[in-house]
Every structure is written in C-alpha cells, then in structure tokens.
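Below: the structure, in structure tokens.
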Amino acid sequence: MSLNALPQWHFSTPAGMTNYTDAMRRYPAQAIVDLAALKNNMRHLVDVVGGPNGSTAVMGVVKADAYGHGLIPAALAALAGGATWLGTAQSAEALRLRESGIGPDRCRILTWVYNGLRAPFDDLISHDIDISVGSLDGIAAVAAAARRLGVPARVHVKVDTGFGRNGFTEEGFGAALEALAPLAREGVLHIVGQWSHLAVADAPDVPEFVASTDRQIASFGRFTRAMAKAGVEPEIRHLANTAATLSRPDIHYELTRPGIGLYGYEPDRAMGTPSQYGLRPAMTLQAQLGTVKDVEAGHSISYGRTYLTSERTSTAIVPVGYADGIHRSASGFDEQGAKHMDRPGGPVRVMTVQGPRLLHVSGRVCMDQFVLDLHGDAGRLGVREGDTVELFGPGRGVEDGEPTADDWAQAADTISYEIFACLRNRIPRLYLNASQALPASDAAMLDPRTLL
Ligand SMILES: *Cc1c(COP(=O)(O)O)cnc(C)c1O
C-alpha cells in the first residue's frame, strides 16, 4: 500500500469511491472541491452583512467557471449558503446558469462583460438576466432588444468611480442619463441598480489605499445624486467585493458581491489568513507521482539547467504542467543552477515514512509535468510512483506542511485567483459533500460521475 499525502477522503456513497478511482485512471491529477466549504463560506459572508433576513443581499460571484471550481456546483452551493444573486462577467456563463435550471424563482443573475454590438441581449432578457450597462452603445443595444421582445430589460448602471475599467465616468454621465431617463420612463429599461467596483479595498492597512477607496465612495454618492436629479432611481446599489464585504460595512448598501471569499480565500495575504475571516479554502489540488528515480549529485533538472541536485538524491515526476495551469513562473531555481537566483518553486506536500514533507518544484515547470527533488533516497523515504501528493488544499497549517493556493501565488508572483482560474478542465473536478450541502433536487443537477 503506497503512502498518501492526503486526508482520507470521506466518500458519501460507494459510487463516490468508484468515481474517485475512475478519475485517477482518467487523469493523474484531480481538483477536489468541498461543496460544504463553499456553502459555509457563503453562509458566513451572508452573516457578515446582517444575515438572511437583513437588508443587504449577497451575490455569489461565479465568473470564470466559478474561479475554476465549476460553475454549476459552485453556484448551487452559493445558493444553499444563502446567496440570492449570482454574478458572472461573461454573458455566456450567465446564460449557462439559467439553461442549467437555475431559474428566476431561485435568484437574480447579473452579467457585465459583452460586446455591445453582438451580445445575445434577446436571450439574456428572455432568461430574466440582469444586464450591466456602461456605454451609450450598450444602452442602445439593450433597449433595442427589449423593444423587439416587448419586455423591459433589467439593467444596472455601471459607473466608473476610479477603477478605470467599465462604466460611465462622471464626465460622460450627463449623456448617459439623457439616454437612460426617457427609456426608463417609457418602460423599455427597468433601472434595477447602480454599481461600481473598487480598486484597492484589499489593503485596509494602507492609509493611502483607504483614502482612495473613500474617494471612490464619494464619487459613487455623486453618481447617485445625479441619477436622482435626472429622475432615474435604481432600487439597489452595490459596490463591495469580498474585501469590502469583510472590512467596510459602511458600503454594503443593498447588495454585496463577494467572489474569492466564497472559495475560501481572503483577497490579499496582507489581510490575514482565511481562518481569521471564518473562511475555508474549498479546493484541494492533488496529483499522482509518475517516475521516481535516483540521480547523482550535480544532475541537471529540466529545461535551462536552472536546478542542479546538490547531492545524490531521488526525483519524482508530478504529472501536471503549465498546460494544466501550473504557472511556469512557479519554477524553482537553486543557487547552483546556472546564473539564476535561489528561488524555491511552488510547494508540494509529499508523504514519507517520516511524515509529510513540504518539497518544491525543482527546475522549470514543463507543459505537462514538473520535477520534485525529494532531498533524500526515495526508497528510504518510502516515496513511490503512484503516490498521491498535494499541491494545495484547505490549509491545515504549516506544521502539517499543507500548502495553499496563496503559497502557489507567492511562488508564481501572482494572486490566488489566477492559480484556480488557470486550472484547465482536463483536470477532473470532483465534488465532496454534495448530498449534505445541497437539496436533493440540486444535487441531482450535477454530473453524478463527479460526486464523491
Ligand atoms: C470579480 C468581481 C467581484 C468579486 O471580487 P472578489 O475580490 O473575488 O470578491 C465583484 N465585482 C466585480 C465587478 C468583479 O469583477
């Protein structure tokens, strides 16, 4: 029996065990998502804004395949945790939520990224999806679709309070209101919301950034007053992402839009660890080792000779690479490796006969694989081909040597968001606790082969 770096997974049914072994046969890595963690994280975020009967609703942001966790399972877990809104950037994903059976009786859905000239506005309106408008072309196109269908389009007016991405600037807002006001009076557009996005809410300890968020909030207020003056009065306003949901109760308004918190991470390491906020990372990324072998001291590992073994040692192949979304920038260089700096690569938890060990990507991450220097003799360590190792998980603590997506983000010089969002779907997604976390009718909407 080989060693295993992971907790024993708790399978809900015998079928779960079969699904697990089938997934391992299909691909030598798996992303395992705990739906109970997603649900509890959402419940916690709902409690933070005043609970399910409070005056602030919560949108589960499930853009980009729910940050790589799987759109439909994550959306259902968010709803089970008390979200009453779902949000996606791309309109195709908003449609997919409705087409999968998440109807307007369950939640509102907002979408905010599309090409105004070609977007499927007719479909969005007929599926009762709320649409963000932030350009005059967008307003015209949405209004034209609403007229064609004879149904008012539900829109949220996006205002640029200083993020510099989508939305009307204060300067351009007069023209927007001139377009919006008559369409609202006529009943072509139903102006549901006013909204904006924050640039630096994830740095509550940096006074300069807090001041910049305060300026965004002041600008948001000026937009509200300009709308009221023009007779365009949205029912709700929303501005808070995860960071502001957790740290700025003054701007919860009627709706907040957490994304990363749902998946169990805080937006920035500087804000603290997930557990400080009552959050638990939902995804574990694991892989089964390929070739394990012994090499001499000075053996060069992978492309570019950026890593040379410092002594006689064993190496192991982890069979995922940058084509799976393992960042090449998380490659590991050692001081011996040519002219490169000493920089440990992304961390991997490997079980040995002496207990778990935290090892690091050694040399360059390749397209489908990377190498680990085991810093010891595999035979003596009890490390063998086929052993399951963990790249990141729910974070049982450093003493247990369990890395998180934040550790990979640090190694790759990015943010945890990019670590999950880049994981390709050739890595099977498997779901824990579906029957505990979801109503039976929702659990039945998931692909049964993905349930553990
Ligand atoms: C991604 C996104 C969010 C969620 O942000 P998090 O930092 O993940 O909480 C909220 N609003 C908009 C417009 C977004 O694009």
What's the number of the condition Ala184 fails, among (1) over 24 Å from the mean Cα position of the chain (by Cα); (2) aliphatic (A, V, I, L, M); (3) at pLDDT below 95? (3)
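Looking at segment 104-119, which of the residues that are within 30 Å of Ala444 (Cβ to Cβ) and in contact with a His (Cβ under 9 Å, 6 or more places away or on another chain) is nearest to the ligand (Cβ to nearest atom)?
Of segment 104-119, the ones within 30 Å of Ala444 (Cβ to Cβ) are 104-111.
Those still in the list that are in contact with a His (Cβ under 9 Å, 6 or more places away or on another chain) too: 104, 109-110.
Values: Pro104: 21, Ile109: 14, Leu110: 9 Å.
Among them, the one singled out is Leu110.
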How many residues does segment 81-95 hold that are over 17 Å from the mean Cα position of the chain (by Cα) and farther than 14 Å from Asn115 by Cβ? 3
How many residues, within segment 34-50, are open to solvent by less than 10 Å² (accessible area, probe 1.4 Å) and away from the ligand (no atom under 15 Å from the Cβ)? 2
Ala64 open to solvent by 30 Å² or more (accessible area, probe 1.4 Å) and within 28 Å of Ala287 (Cβ to Cβ): yes
Do any residues in segment 83-100 that are farther than 12 Å from Val61 by Cα have Cβ atoms under 6 Å from those of residues that are open to solvent by 10 Å² or more (accessible area, probe 1.4 Å) and within 16 Å of the ligand (Cβ to nearest atom), where the two are at least six apart or on different chains, and which pairs are they? Ser91/Tyr114
Considering residues that are within 16 Å of the chain's Cα centre (by Cα) and either within 11 Å of the ligand (Cβ to nearest atom) or surrounded by fewer than 22 Cβ atoms within 10 Å (Cβ to Cβ) (or both), the number found within segment 257-277 is 12
Given the criterion at pLDDT below 95, of a type outside the set (Asp, Glu) and closer than 28 Å to Ala409 by Cβ, identify the matching residue among Pro204, Pro258, Pro249. Pro204
Taking segment 278-293 and keeping only residues that are surrounded by fewer than 19 Cβ atoms within 10 Å (Cβ to Cβ), modelled with pLDDT of 95 or more, assigned to a loop (DSSP other than H, G, I, E, B) and not hydroxyl-bearing (Ser, Thr, Tyr), one is left with Gly290
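Please go through segment 166-218 and pick out each residue that is among the polar types (S, T, N, Q) and either open to solvent by less than 50 Å² (accessible area, probe 1.4 Å) or in contact with a Phe, Trp or Tyr (Cβ under 9 Å, 6 or more places away or on another chain) (or both). Lay out the reasoning, then the answer.
Taking segment 166-218 and keeping what is among the polar types (S, T, N, Q), we get 166, 169, 194, 196, 212-213, 216.
Scanning segment 166-218 gives Asn166, Gln194, Ser196, Ser212, Thr213, Gln216.
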Tell me, yes or no, whether segment 271-288 has at least one residue that is farther than 27 Å from Val62 by Cα and assigned by TED's automatic domain parsing to the domain that holds Tyr322. yes
Do we have any residue at all in segment 396-417 that's β-branched (Val, Ile, Thr), away from the ligand (no atom under 16 Å from the Cβ) and at pLDDT 95 or above? no
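Of the residues that sit in segment 82-97 and are crowded, with 20+ Cβ neighbours inside 10 Å and of a type outside the set (Val, Ile, Thr), which one is farthest from the ligand (Cβ to nearest atom)?
My answer is Leu97.
Name the residue, out of Val159, Val188, that is of a type outside the set (S, T, N, Q) and under 24 Å from Gly259 (Cβ atoms).
On the way: Val188 fails: under 24 Å from Gly259 (Cβ atoms).
After applying the criteria, what remains is Val159.
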Val232 passes all but one of (1) open to solvent by 50 Å² or more (accessible area, probe 1.4 Å); (2) in a loop (DSSP other than H, G, I, E, B); (3) over 29 Å from Tyr263 (Cβ atoms); which number fails? (1)
Taking segment 224-240 only, how many residues are more than 27 Å from the chain's Cα centre (by Cα) and under 27 Å from Val46 (Cα atoms)? 4
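Considering every residue within segment 295-315, establish whether at least one is part of a helix (DSSP H, G or I) and in contact with an Asp or Glu (Cβ under 9 Å, 6 or more places away or on another chain). Show your work before the answer.
Of all residues in segment 295-315, those part of a helix (DSSP H, G or I) come to 303-305.
Imposing the further condition that a residue be in contact with an Asp or Glu (Cβ under 9 Å, 6 or more places away or on another chain) reduces the set to none.
Within segment 295-315 (the criterion being part of a helix (DSSP H, G or I) and in contact with an Asp or Glu (Cβ under 9 Å, 6 or more places away or on another chain)), the answer is no, since none of the residues qualifies.
Working only within segment 54-72, note down all residues that are touching a helix residue (DSSP H, G or I) at 6+ places or on another chain (Cβ under 6 Å) and not charged (D, E, K, R). Walk me through how you get there before you give the answer.
First, the residues of segment 54-72 that are touching a helix residue (DSSP H, G or I) at 6+ places or on another chain (Cβ under 6 Å): 58, 60, 62, 64-68, 71.
Those that are touching a helix residue (DSSP H, G or I) at 6+ places or on another chain (Cβ under 6 Å) and not charged (D, E, K, R): Val58, Gly60, Val62, Ala64, Ala66, Tyr67, Gly68, Leu71.
The values are calculated or read from the model by the stated rules, or taken from the named source; none is laboratory data. What you are looking at is a predicted structure, and each value in this text was computed from that prediction instead of being measured. Quick reminder, even Gly has a Cβ in these numbers, built from the backbone with ideal geometry, and neighbours come from all protein chains shown. Heavy atoms of the whole protein, side chains included, go into the accessibility calculation; ligands, DNA and RNA do not. Shrake-Rupley method; radii C 1.70, N 1.55, O 1.52, S 1.80 Å.
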